[in-house]
Amino acid sequence: MAVLQAQGLYKSYGQVKALDDVNIEIEDSELLAVIGPSGSGKTTLLRSIAGFVQLDSGKIFIKSKDITDLPPEKRNVAMFFQNYALWPHMTVFENVAYGLKIRRYDKKAIREKVEWALDFLDIKSLAERKPNQLSGGQQQRVALARAIVVQPDVLLLDEPLSNLDAKIRMRIRFELKALQKKLQIATLYVTHDQEEALSIADRIAVMHNGKVLQIGTPQQVYKEPVNLFVADFIGVNSIVRIKPLDKDIVKVGNLEFQPQQGVLHLVIRAEEARVLPAKEHVTLKEGDLKLEGIIMGKLYLGSKHRYEIKIHGIEEILFINSEEAFKINEQIQIIIPKDSFFVYWQ
Amino acid sequence: MKFSILRMTLKVVFIIFMLLVMIGPLVGIVIWSFARVWYWPSPLPQEFTLRYWIEVFKQGRVLNSLVLSVTIALLTVAFSTLLAIPAAYGFARYRLPFERILLLLFLMPQAFPQLPVFINLASIFGRMGLRGNIWGIVLAHTMASLVFSLWIITATFKSIPVELEQVAQNLGASRFKVFWTITFPIAIPGIIAGAIYVFLWSMGEFTAAFFIGAPFIQTAPVLMYTSSMGYNLQIASVIAIILIIPSLIFMILIERFLKAEYIASLGG
């Protein structure tokens, strides 16, 4: 059963549509990641579920109960703020205990629950410290403990990893996922980082200009993007735009396409394309794309190189990584498996 | 090596110079308070005496006026702060119509020369029966000092990220509860800073106290003024020194409580 249901949410700020007919559901103990570029409406969606945004129209249900018109303090959802928002005048223990005190638990129950939460997040030793004596990672854990200790129906995470440095972020991703599975709380996870979303989410909702463009598992969204925007936003890509010259067939490499309205956009998953010497013989599978070109430039990236490639007959330059070493001006061919490129007319 | 000695010397000279600038005028007052006879151009008084200090402490007049000043200042602080807190919260958290104009309106009593403002106020208070009693002075001081507490406390509330309140609300606290458990405790340093400022301003305020208090009420600054006008410079000096004590306490407290960011967000 869906824990959270949002139906037909609309919200506009002046001319800007922050939410444009948004419908999402989160199942029990599911982690739904909402991704999109800044200004896509993902944070507005999260804040409207928390009750900090007044919707123009639409309904939000939590466990089948309509909470659309309830004030923030009456919804049992816990929000994790991007900047942690720990209270500077309270210790870690007091910060975590706050929600329980409001709910009028007795002293003993509060102590037990707070200790459980601090233990769960491995920060028991910090209980008596003030927030300004904690590192960024520790503050993040305290904020998380404060949110989960009240046993919310839905956990709302607003860019939880964006204030951590890259190395810690990688490790925390695993921890966060394990944590969420252990707690079994329905979670809405807002991020602009598609890689983070792919690795952590059960399902992903891609938002753009206030609209949800696609909802699906990470595999679905990655392998079967519904439109150009989703295809381009997920993964590391190179895009080629080709304007059909006449009504004839458009030829791209070894493949031919029937012309349609607009311009042909070819999105190539750069991490799955293979670069080979032009002379090497390859047997193509049905539907694979082969492009021929010339190396224009290269960057050394440690385990691999990043190549700047000019394709014959196409103006735009492709950027593709490969472990093999090529020289500048060398003739090469690029093999792209059939589910690693997408064609859209726009 | 030579260079660093030169720098050291310059540093010491600079510090002594600054001390002279800051403390010099005070030294004059201290000497005057002990002087019995002091004719120009002698650098020090011809005769010293403790008479005036003893007189000040024996005569009830001076101590009474000090007690009166402190009482008025404390009442002013109480009214000014209590009025300013809800108003400042409104200014800091809600988009009020004509916000800037309203904020500037509170500046009005301080924006014009004090003499005409308070003489007019005194004549109005006279008709209302508020002249010659301390409530008149307290009211005038509260009106005039509201701008200080309002601006300082507004800046303090503005410097508190709104997320800190939203988390509490998100965890189930009502708006009222959020204010008392989160916003107010975090704002206390700023509120104290505002209170100290109002206290000191009221303690030293002369014009309103003189025109509205006359003829029955004599606050310390008024007494100091009348004594020095009556060529009793020694008594005036003693009162001046006693009046410095709250300022010193203020300096110590301000160092502890007033953070740069409160001032930085003033009017922002």
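In this structure the amide hydrogen of A:Phe80, modeled in the peptide plane, comes within under 5 Å of the amide hydrogens of A:Leu156, A:Leu157, A:Asp158, none closer than 5 places in sequence on its chain.
I'd like the antiparallel share, as a percent to the nearest 5, of DSSP beta bridges with both residues in the protein assembly as shown.
If we restrict to bridges inside the protein assembly as shown, about 75 percent are antiparallel.
Ordering B:Arg51, B:Arg127, A:Arg146, A:Arg173 from the fewest to the most neighbouring beta carbons within 10 Å gives B:Arg127, B:Arg51, A:Arg173, A:Arg146. A cut-off under 15 angstrom between Cβ atoms defines the neighbours of B:Tyr225, and their net charge, with Lys, Arg +1 and Asp, Glu -1, is 0. When DSSP beta bridges are limited to those with both residues in chain A, what percentage is antiparallel, rounded to the nearest 5? Bridges in chain A are about 75 percent antiparallel.
Rg then Dmax, both in Å and based on the Cα atoms of the protein assembly as shown: 36.2, 116.
Farthest towards the positive end of the charge dipole of segment B:54-264, among the residues B:Gln218, B:Ile235, B:Val117, is the Cα of B:Val117, using unit charges on the Cβ of Lys, Arg, Asp and Glu. Remark: segment B:11-19, residue by residue, has Karplus-estimated 3J(HN,Hα) of 4, 4, 4, 4, 5, 4, 4, 4, 4 Hz, where x stands for each Gly or Pro and the curve is 6.51 cos²θ - 1.76 cosθ + 1.60 at θ = phi - 60°.
Largest first and in whole Å, the equivalent-ellipsoid semi-axes of chain A read 46, 25, 15, each the square root of five times a Cα gyration tensor eigenvalue. Rounded, prolate or oblate, given the Cα gyration tensor of segment B:1-119, with a/c below 1.5 counting as rounded? Oblate shape, in that a/c is at least 1.5 and b/c is the bigger or equal ratio. With neighbours defined as other Cβ atoms within 10 Å of a residue's Cβ, the residues A:Ile102, A:Ile320 order from fewest to most as A:Ile102, A:Ile320.
For B:Thr156, B:Thr226, the sequence from fewest to most other C-beta atoms within 10 Å is B:Thr226, B:Thr156.
Taking a straight line from the alpha carbon of A:Lys223, these aspartates and glutamates sit under 16 Å away, with near neighbours fewer than eight places off in the same chain left out: A:Glu195, A:Asp202, A:Asp232, A:Glu271, A:Glu272, A:Asp288, A:Asp339.
Computed 3J(HN,Hα) for segment B:178-195, one whole-Hz value per residue from the Karplus formula 6.51 cos²θ - 1.76 cosθ + 1.60 where θ = phi - 60°, is 4, 4, 6, 9, 10, 4, 4, x, 6, 7, 3, x, x, 5, 5, 4, x, 5, glycine and proline marked x. For chain B, what log10 I(q)/I(0) values come out of the Debye formula at q = 0.07, 0.10, 0.17 1/Å, with one point per alpha carbon and no solvent? Taking Cα atoms of chain B as identical point scatterers yields -0.36, -0.68, -1.27. Each stretch of four or more DSSP H residues adds -39500 (n - 2.57); spread over every residue of the protein assembly as shown, this sum gives -15000 deg cm²/dmol at 222 nm. Proximity of backbone amide H atoms, modeled 1.01 Å from N, is registered between A:Ala18 and A:Lys11, A:Ser12, A:Tyr13 at under 5 Å, excluding neighbours fewer than 5 places apart on the same chain. Backbone amide hydrogens, once placed in the peptide plane, bring A:Gly36 within less than 5 Å of A:Thr191, A:Met207, excluding anything fewer than 5 places away on its chain. Filter A:Lys17/A:Lys167; A:Lys108/A:Lys167; A:Lys211/A:Lys304; A:Lys177/A:Lys310; A:Lys124/B:Lys158; A:Lys243/A:Lys290 down to the pairs with a C-alpha to C-alpha distance above 29 Å, please. As for pairs spanning more than 29 Å Cα to Cα, those are A:Lys17/A:Lys167; A:Lys108/A:Lys167; A:Lys211/A:Lys304; A:Lys177/A:Lys310; A:Lys124/B:Lys158. Its Cα centre serving as origin, the protein assembly as shown has a Cβ charge dipole (Lys and Arg +1, Asp and Glu -1) of approximately 1980 debye. Seen from A:His192, the other residues with C-beta closer than 12 Å to its C-beta sum to a net charge of -4, counting Lys and Arg as +1 and Asp and Glu as -1. Taking the Cα centre of segment A:2-225 as origin and assigning +1 to Lys and Arg Cβ atoms and -1 to Asp and Glu Cβ atoms, the resulting dipole is close to 600 debye. Cross-link reach is defined here as a Cα-Cα straight distance under 21 Å, omitting same-chain residues fewer than 8 places apart; for B:Lys11 the lysines meeting it are B:Lys2. Given A:Lys42/A:Lys130; A:Lys251/A:Lys338; A:Lys279/A:Lys338, which pairs have Cα atoms separated by over 24 Å? Table pairs above 24 Å Cα-Cα are A:Lys42/A:Lys130.
Read-outs: derived from the displayed coordinates by stated rules, not from any lab. Values in this document were obtained by computation on a predicted structure and should not be read as measured data. For neighbour counting, all protein chains shown are included, and Cβ atoms are generated from backbone atoms with ideal geometry for every residue, glycine included.
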